[in-house]
Each structure stands twice: as C-alpha cells, then as structure tokens.
Amino acid sequence: MDCEKNLEKELLAPYMHLLQVKSKQFRNKIVLAFNYWFKVPDDLVQNALNAMTMTYNASLLIDDIQDNSIKRRGIEAAHCIYGIPLTINTAVHVLVLALKQELDLVPAALGGNIFVDHVLDVIYGQGVEIYWRDNFMCPSEKEYKEMVQQKTGAMLLYGVKLLQVLSDDKRNYDDFVKLLGFYFQLRDDYCNLKQLEALEEYPEKEDESVNKEQDFCEDITEGKFSLPIIHAMKTPQGPTILNILRQRTRDIEVKKYCLSLIEKSGSLQYTRDLLSELDRDARKELVRLGGNPLMEDVLDGLLSWKGSENI
C-alpha cells in the first residue's frame, strides 16, 4: 500500500511542480466573490474551488505542451522536466480526480453535467485557438470573443455553477460571468504584451533580464492571435506582424519590433479603450445585481493592467 502511495506521488509530480508557479488567483477570487450572494458554507466553497483549480491546472499542463512553452512564469514547464508522456498522463489523472471531487460534493447526475458541459467548452475553445494559430488563420473579433467565452468564460462558469447548485440563490449570472471571463482574458492578452505580469511576478529580482527572452511577449513566440494582434491585422502593419508570428521567434529584438508595430497600429490603445469599457460594463452590472463588495475588490484588482501603460 505504501508503495502504491509513493508511486502515485511520482505520477503526480508534474502537477506538484506546476503548483510552484506564482499566481494572483483571480479565477478563485472571482468565484469566491460570488459566494457573497450564494452564502455557501466555507468547507463546501473550498471543495468547489479545489475542483475548479485542479481542472484549470490540469489544462495548463496540456497548454504548455501545445504552446511549446519552455517556461511558465519563471519556472521550467513541467513537460521539460518530466517529459511529455508523463505530463499528459498526469493532466488526465488530475482531471479525473477533479471530477471525483465534484461528484463527492454535489449529486452525481447534476455534478457530472456541470463538469462535462463546461470543461468540454474549455477544451473546444482551446482547440479553436490552436487551429487558428497553427493554420495562420486570423479570426474576427467576434469569433475571438466567442472562443474566449468558451475557453475562459466556461472555466469561470464551472466554478460559479458548482457553488450555485449548493445555494438557494438561483438567479442567472451567466452573462455577468461571461463578461468577467472576456475582461479577464483580454486583460491577460494585453498584459502579456506589456509585460505587467512579468514585473509583478519577479519584483524582487534586480536583474529583470532573467528569463526575459521567454517572459517577454510570449504570445508572439507562440504565434497566438490575441485581440491586440487581431486588431493590428486590419492595419498596414498587419502583413509584417503575421510574418513575425509565423517564425515563432524567441529573439527578443524581433519581438520588440513586432510590439512596436502593434503599438503603431493603434491596437494597444484600442485594447486599453476596450478594457476600460469592460470595466464600466462590469460595474454597471454589479449595481444591477444589487452590489457586492467582494466583487468590487476583484474589479479593482483587475485594474492593475493600467500600470502597464507606461512600461
């Protein structure tokens, strides 16, 4: 029995490695803020958060393989240490553990549907994004928003629905959650280009050149069609930006040049304006729903993207 436990530890090693990654955990904070309305007991809230966090982190193990990432926020990607086969197996292992935890939390039929419906959306959305990237197909902004509502919005909905099924509050929050998901993903896209997260994650390092080749504009290295890039594609700078994306470059000077083209196209300002609009819309919706000080704190925290405007 002890041998079996030790082996399980080894089988989950890629996942435990990933847990070292620093995160501001905005997803968890958003779901926790909903409990201001739901009023679910703390122990059940923690179980729901654990299921969502396990599901999300399992997806990150796969994401890093799909994106050919070497680092994740300053530490080596799990598959670079433990290999692709074990990392994939670990991701599937953790997904099933998350489903088991969910089924222990809520009635089997209802719990299974929440997992299947929303995690399938996440996987589908991720697949669409990969298809665009690998086939050099730039989506429209509408298509991008639909993809984000699946990939990011569905993960948030998963956590919110897990809590709501345990609550007497049965109001429909879906549109608000999707709005938050789009805001969260667009903020992430913008900060990736403007390096806010790299500065937040390693403030103690005097030498910011550490790992900067990987940390700096990694969406450009991945060839990802984030919203600022989608907008830039409609400008005279678009063809050059597309050629750079095709290279999957890790050259920091080339990425700086690409970023200058995105800035010149007006796409970063366009993204800032859209982020401000989403913040206003979220706060209006919050008022309509009766107010929530915990959610106000979350929205205030998301505003940290403004600190990247002058980076």
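Could you please report the charge total around THR90, scoring K, R as +1 and D, E as -1 over all other residues with beta-carbon less than 11 angstrom from its beta-carbon?
Values: positive: none; negative: GLU8, GLU10.
Residues close to THR90 contribute a combined charge of -2.
Using Cα pairs closer than 8 Å and at least 6 residues apart in sequence, work out the relative contact order for the chain, in percent. Please list the in-between numbers first.
Numbers: 341 pairs, mean separation 61.0, N = 311.
Averaging sequence separation for qualifying contacts and normalising by length gives 20 percent for the chain.
Considering only protein heavy atoms and a 1.4 Å probe, what is the carbon-and-sulfur percentage of the accessible area of the chain?
Of all accessible area on the chain, carbon and sulfur atoms account for 54 percent.
Go through segment 88-154 and name the chymotrypsin sites (Phe, Trp or Tyr not before Pro) that are in a DSSP coil and have 13 or fewer other Cβ atoms within 10 Å of their Cβ.
On the way: sites: PHE115, TYR124, TYR131, TRP132, PHE136, TYR144; in loops: PHE136.
Listed in order of number, the matching sites are PHE136.
Mean Kyte-Doolittle of at least -0.5 plus a Cα span of 24 Å or more along the axis: flag which DSSP H helices in the chain meet both, please. Before the final figure, lay out each step's value.
Details: long enough: 42-66 (35 Å, 0.10); 84-105 (32 Å, 1.09); 108-134 (38 Å, 0.39); 174-194 (30 Å, -0.29); 267-288 (31 Å, -0.98).
In the chain, the long hydrophobic H runs are 42-66, 84-105, 108-134, 174-194.
Between Rg and the Kirkwood Rh of the chain, both from Cα atoms, what is the Rg to Rh ratio?
Working: Rg = 19.8 Å, Rh = 20.5 Å.
Ratio value, two decimals: 0.97.
To one decimal place, what orientation-averaged projected area in nm² is obtained for the convex hull of the Cα set of segment 1-92?
Details: hull surface 29.0 nm².
With the hull built on Cα positions only, its mean projection is 7.2 nm².
Under the rule of at least 5 residues apart or a separate chain, name every residue whose amide H is placed under 5 Å from the amide H of LYS71.
Correct list: ALA77.
Take each of the peptides 48-57, 248-257, 229-238, average the number of other beta-carbon atoms within 10 Å over its residues, and list them starting from the highest.
On the way: 48-57: 21.7, 248-257: 14.5, 229-238: 19.1.
In descending order of packing, they fall as 48-57, 229-238, 248-257.
Need the C-alpha centroid separation for segment 21-82 versus segment 151-171, integer Å.
16
Can you flag which of LYS22/LYS145; LYS100/LYS161; LYS224/LYS306 are past 19 Å Cα-Cα?
Working: LYS22/LYS145 27 Å; LYS100/LYS161 16 Å; LYS224/LYS306 22 Å.
Long pairs (Cα-Cα over 19 Å): LYS22/LYS145; LYS224/LYS306.
For a quick size check, give me the Cα extents of segment 213-311 along its three principal axes, largest first, whole Å.
Principal axes ranked by extent give 49, 27, 22 Å for the Cα atoms.
Rounded to the nearest 0.05, what FRET efficiency do LYS100 and TYR270 have when you use their Cβ-Cβ distance and R0 = 45 Å?
Numbers: r = 44 Å, r/R0 = 0.98.
Calculated value: 0.55.
The values are calculated or read from the model by the stated rules, or taken from the named source; none is laboratory data. Just so you know, these numbers come straight off a predicted model, no measurement behind them. Counting neighbours? That spans all protein chains shown, and the Cβs are built from the backbone with ideal geometry, glycine included. Just so you know, the surface numbers come from the protein's heavy atoms only, side chains and all, with ligands and any DNA or RNA stripped out. Shrake-Rupley method; radii C 1.70, N 1.55, O 1.52, S 1.80 Å.
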